[in-house]
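Engineer: The structure follows.
We did not get these values from a lab; they are worked out from the coordinates using the rules stated. Note that this is a predicted model, so its numbers are computed, not measured. Cβ: placed from backbone, ideal geometry, glycine included. Neighbour counts: every protein chain shown.
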Amino acid sequence: MPRRSQSPRAAKKRSVARSNLAFLHPTFYLLLVPSVVFLRAVNVGRANRCQPALIAKQLAKFGVVNIGAVGTFVVRKDVSESTLRAAIAKKLPFKSEIMICPARDILKLAKKDPFARQPSGPDITRFVNVLARRLRAPPSLPLSLPADDEWLLKIIAIENRFVLGVYRRQMKAISYLGKIEKLLGVPATTRNWNTIQRVAQILNHA
């Protein structure tokens, strides 16, 4: 079947589109990367209820994969942070802090295996606090709460926007977990290290 010739008007439009792209600053393309989204304080008790799995389906054009029920999304398509933030905010029936991290930062963190030399066992939980922004003046580490040998929570490292730590599975330890955000002075949301590993696994197979 013979190929239909392009009209002069259509050809001109294509030419203009190509020339516009050619003049974009190179850093524009650096903003279009796969990313990971962490929502703060979602589905905690009866507050800020939403359906992350449904949100992922509604944002399928971005290649969104939902993990768990507290607002963790792997975004496999190359999309700018501003576009992604606006799209997610429209799907939430409440205001929430939306932390967006480049996928490469998560992969780098998971590859390091930062908990390799830390205590482990059924009564120890490894966690990551994702910060809304980097700390200007990180505290001295390790940081134990309470500050004695009988610690319930211990921050072992701060890398980029990630606070890494362990806590004992006791009721008092949960209260200390909630104090980290106030201690650092930056909005944060907590995820189990297993969740971060799951995110990395999905990214590696994207």
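Engineer: First obtain the Kirkwood hydrodynamic radius of region 152-205 from its Cα pairs, then insert it into the Stokes-Einstein equation at 4 °C and 1.567 mPa s, and state the resulting D in µm² per second as a whole number.
Structural biologist: Translational D for this selection: 104 µm²/s.
Engineer: Check which residues have an amide H placed less than 5 Å from Leu152's amide H, if you skip close sequence neighbours.
Structural biologist: Leu145
Engineer: Rank Pro122, Ala157, Gly185 by how far each Cα sits towards the positive end of the charge dipole of region 114-193 (+1 on Lys, Arg Cβ; -1 on Asp, Glu Cβ) and give me just the farthest.
Structural biologist: Gly185
Engineer: OK, next. Given H placed 1.01 Å from N in the peptide plane, which residues other than close sequence neighbours of Ala157 have an amide H under 5 Å from its amide H?
Structural biologist: Sorted by chain and number, the residues that satisfy this are Leu164.
Engineer: So for the pair Leu107, Ala147, with labels modelled 7 Å out along Cα→Cβ, what separation do we get in nm?
Structural biologist: Here the answer is 4.1 nm between the modelled labels.
Engineer: What translational diffusion coefficient, to the nearest whole µm²/s, does region 114-193 have by Stokes-Einstein, given a Kirkwood radius computed over alpha-carbon pairs, a temperature of 20 °C and 1.002 mPa s viscosity? Numbers along the way, then the final one.
Structural biologist: Numbers: Rh = 12.7 Å.
It comes out at roughly 169 µm²/s.
Engineer: Of Lys112/Lys179; Lys77/Lys111; Lys154/Lys179, which ones are farther than 24 Å apart at the Cα?
Structural biologist: As for pairs spanning more than 24 Å Cα to Cα, those are Lys112/Lys179.
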